[in-house]
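Engineer: Would you mind keeping the following structure in view while I ask a few things?
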Amino acid sequence: MYKIETILLVKIIGKVEDSIFLSSLEEVSKINWEIIDIEDRSRNYIFSTSRSISLRVPKITDVRPTSVLDWGTILDCIDHQQNKLRYPACYRAVEWILTQVNGISLGRVMIVNLLPGGIVAPHIDSGIYFSKYSRFHIPLITNEQVVFSRGKNATEEHMPCGHLCQLNNLDMHMVKNNTDYHRIHIIADIEIRGGNYVF
């Protein structure tokens, strides 16, 4: 007998307003990903085939964390001021997400490019940070061969372009870009009533 997976990884919330989507798409289409510095996130083996631009970052008051678990203990985040000026349309998209989900506060926010053929290795987003914040995506550039799953031979789910989606990141998840094209999402962590939960 086969086990039926009933808990989804991807919840499609709804279509993004055209003006928000198109202005963000135009903005990220101008990014030269070849010259983007590899941020700490991309140095981690889980995310080694992706590149990211931080729009909001953890507020570091003491020593800079060295492990993924340590980063998960920092709850307060601040705008990356230089990128706020560089990517105003993406910031407007994040503000739109915040209102759509009745968000309380913003955590980290990134523009993430999963490179052609890239894989985000299987992992669970754990720690007090992810108890507080839920993860939302706006896929700007993608196609149906970019899929989320729990791992090998698991059901695959896709986040459609131009839709606001929530990721069940409290469960094991991975992402595969089975194409020769870049996959670019705005990813925003947002505090919502009730905390992060499995939908």
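Engineer: Which of the helices (runs of 4 or more DSSP H) found entirely inside the stretch 56-104 contain at least 1 residues meeting this: at negative phi, out of contact with any helix residue (DSSP H, G or I) (no Cβ under 9 Å at 6 or more places or on another chain) and touching a residue at least 40 places away in the same chain (Cβ under 8 Å)?
Structural biologist: Result: 68-71, 88-100.
Matching residues to (1) of a type in the set (A, V, I, L, M, F, W, C); (2) surrounded by fewer than 16 Cβ atoms within 10 Å (Cβ to Cβ):
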position	(1), (2)
107	no, no
114	yes, no
126	no, yes
133	no, no
144	no, yes
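Engineer: Could you please find all residues in the stretch 139-193 being without any contact (Cβ under 8 Å) to a residue 60 or more places away in the chain and in contact with a strand residue (DSSP E or B) (Cβ under 6 Å, 6 or more places away or on another chain)?
Structural biologist: Within the stretch 139-193, 139, 142, 146, 147, 151, 156, 161, 169, 172, 174, 176 meet the criteria.
Engineer: May I pose another question? Do we have any residue at all in the stretch 73-88 that's among the charged types (D, E, K, R) and in contact with a Phe, Trp or Tyr (Cβ under 9 Å, 6 or more places away or on another chain)?
Structural biologist: yes
Engineer: Residues of the stretch 145-189 being in a strand (DSSP E or B), of a type in the set (S, T, N, Q) and either more than 14 Å from the chain's Cα centre (by Cα) or farther than 20 Å from residue 125 by Cα (or both), which ones?
Structural biologist: Result: 149, 177.
Engineer: Still on this structure, please answer the following. So, of the residues in the stretch 63-101 that are more than 16 Å from residue 135 (Cβ to Cβ) and of a type in the set (S, T, N, Q), which turns out to be surrounded by the most Cβ atoms within 10 Å (Cβ to Cβ)?
Structural biologist: Per the criteria, the residue is 83.
Engineer: Something else: Give the stretch 132-144 a look and list any residue that's in a loop (DSSP other than H, G, I, E, B) and within 19 Å of residue 106 (Cβ to Cβ), or say none.
Structural biologist: none
Engineer: I've got another one for you. Just give me the residues in the stretch 139-172 being of a type in the set (Gly, Ala, Ser) and at pLDDT 90 or above, in sequence order.
Structural biologist: Selection gives 149, 162.
Engineer: Output the residue which, of all residues in the stretch 1-16 that are charged (D, E, K, R) and exposed (fewer than 14 other Cβ atoms within 10 Å of the Cβ), is modelled with the highest pLDDT.
Structural biologist: It comes out as 15.
The values are calculated or read from the model by the stated rules, or taken from the named source; none is laboratory data. The model shown is predicted, which means the values in this text are computed figures rather than measured ones. Glycine also receives a Cβ, built like all others from the backbone with ideal geometry; neighbour counts cover every protein chain displayed.
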